[in-house]
């Protein structure tokens, strides 16, 4: 009796737990008995036949090529192959003298008619897969156009079943967001950030530690900014973005080397925060005789070193300028309460602003599409620019959607901001290293040394707050021989009666609107002076 192999296959492990494999096996045994063939080894596989490279099938083919058996019995042609290359491998066995049997079709592969019929059945099996892929592709494309991601949720999101929008994982989601925020600081390489994320508990979809490659995949995925990207095509998603579009684009610039990234090596308080007026280079911190100095290392620069204590004294004076007089604080809190009651008017204004921005983005998308259709830009350039515009559009859509719940958040930020200004100097003096640096970055936009003098430029709205009563001076830039605008403010306030003074209340109202606008745009974590990781 001739010795043959028995080959049975199902597409998935789940199918393998049913009766399909057993039914195939029984049919092959009956066929072998009928044709007096001895099955010397079974090859059982749980892989799709649509793609070549099945390990068990490949091993069986190699054994047959080496004449370890006379041939093979397969239940049906589509159990053996659903692609032309594997079918060619089976036909090559026939040419080399091996026998090929199909228990279900009962084809005589030694005749021209049998081979022709087998070729047709193999073509039908391959076409079935082709049609299946097309149907699946249409279904996936339809889901993507609806804004639904039809694949597994990325790290930080949860699957909610087929056809459902992914939702943020309350545990891993914030950690993914923190990874974006930390990398955007330009103080971490991917290698160092992997270690940080390991310490705070970020896991991949399998519950394992996120690797460097996994972290890179996370940081490059526009899904977190509300965009679905599949095979180079972008679609606006319905899911809630985990990060802002601005943060995502900032991280992309760093990943692509458009900004310089240096790993944190020193712990000087004003590291990379102070610049030389003459050559515009960052001053470098040095410790000498128990004091920290910041010096310009350009050989031809005339700028001298400045001690850290002097910088801090100037900074504390700046914080004093920002601090509100109790009367001012009282009026601002009254305006805050009034604004909460009149939120609908404020909301309508914000919504109109967002819609105008969204319309501009839509026009840009239309012009970009026209340029692509007219062949004035390449496809890869088109897709890259489209992704950026879709991310911006997604961010605006999210802001519009969030307006209904934004009231509580924006006024929470405003209350927190006013409380912060009450104790800004105290918070700095009592803060740890990271808290101090956070407050410096929050308030100042530029620290410049000229000779031994320090000029401090503040961000908005701190600049306007500090200069609210100093009308004759440009007070947003000050140096060691500064005029104390805090004293000017106190003098101005104590010489008028705020309740009866229309100019005072008008100026305070303008200032409050500026603060409210700032709080609407800034992240709550940015004005939170709790220490970072």
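FYI, it's all coordinate maths here, none of it is from the lab. Everything numeric in this text was worked out from a predicted model, so none of it was measured. As a convention, Cβ positions derive from the backbone with ideal geometry for all residues, glycine included, and neighbour counts pool all protein chains shown.
Put in line by how crowded their Cβ is, counting other Cβ atoms within 10 Å and starting with the fewest, 75, 104 read 104, 75. Rounded to the nearest 0.05, the FRET efficiency derived from the C-beta distance between residue 412 and residue 256 at R0 = 22 Å is 0.05.
Model label sites at residue 374 and residue 209, defined 7 Å from Cα along the beta-carbon direction, differ in position by 5.5 nm. Going from the residue with the fewest nearby Cβ atoms within 10 Å to the one with the most, 398, 5, 128 rank 128, 398, 5. Each residue, residue 507 and residue 192, gets one label point 7 Å from its Cα in the Cβ direction; the gap between the two is 4.5 nm. Helical runs assigned H by DSSP (4 residues or longer) give the chain a calculated mean residue ellipticity at 222 nm of -17500 deg cm²/dmol, each run adding -39500 (n - 2.57) before division by the residue total.
Extending 7 Å from the Cα toward the beta-carbon at both residue 363 and residue 419 defines two label points whose distance is 4.3 nm. This ranking places 234, 295, 468, 30 by how few other beta-carbon atoms lie within 10 Å of each, fewest first, which gives 30, 295, 234, 468. Only one item in (i) 40, 28, 22; (ii) 70, 27, 20; (iii) 54, 29, 20 matches semi-axes √(5λ) of the Cα gyration tensor in Å derived from the coordinates shown, and that item is (ii).
Relative contact order, percent, of region 2-136 when contacts are C-alpha pairs under 8 Å separated by at least 6 residues?
Details: 200 pairs, mean separation 35.5, N = 135.
Relative CO of region 2-136 lands at 26 percent.
What is the Cα centroid distance between region 88-127 and region 387-463, reported in whole angstrom? Spelled out, the Cα-based centre of one part sits 73 Å from the other. Relative contact order of the chain, taken over Cα pairs closer than 8 Å and 6 or more residues apart, is 10 percent.
Beta-bridge orientation, the chain: approximately 55 percent antiparallel, per DSSP, counting only bridges with both partners inside. Taking Cα atoms, how many degrees apart are the long axis of helix 84-95 and the longest axis of the chain, rounded to 10 and kept between 0 and 90? Around 30 degrees separate the two axes. With a Förster radius of 25 Å applied to the C-beta separation of residue 277 and residue 430, the computed FRET efficiency comes to 0.20.
Label zone (residue 403, point 7 Å along Cα-to-C-beta; backbone nitrogen cut-off 19 Å) within region 349-369: 349-363. Between region 264-315 and region 231-249, what is the separation of their alpha carbon centroids in Å? The two parts, judged by their Cα centres, are 40 Å apart.
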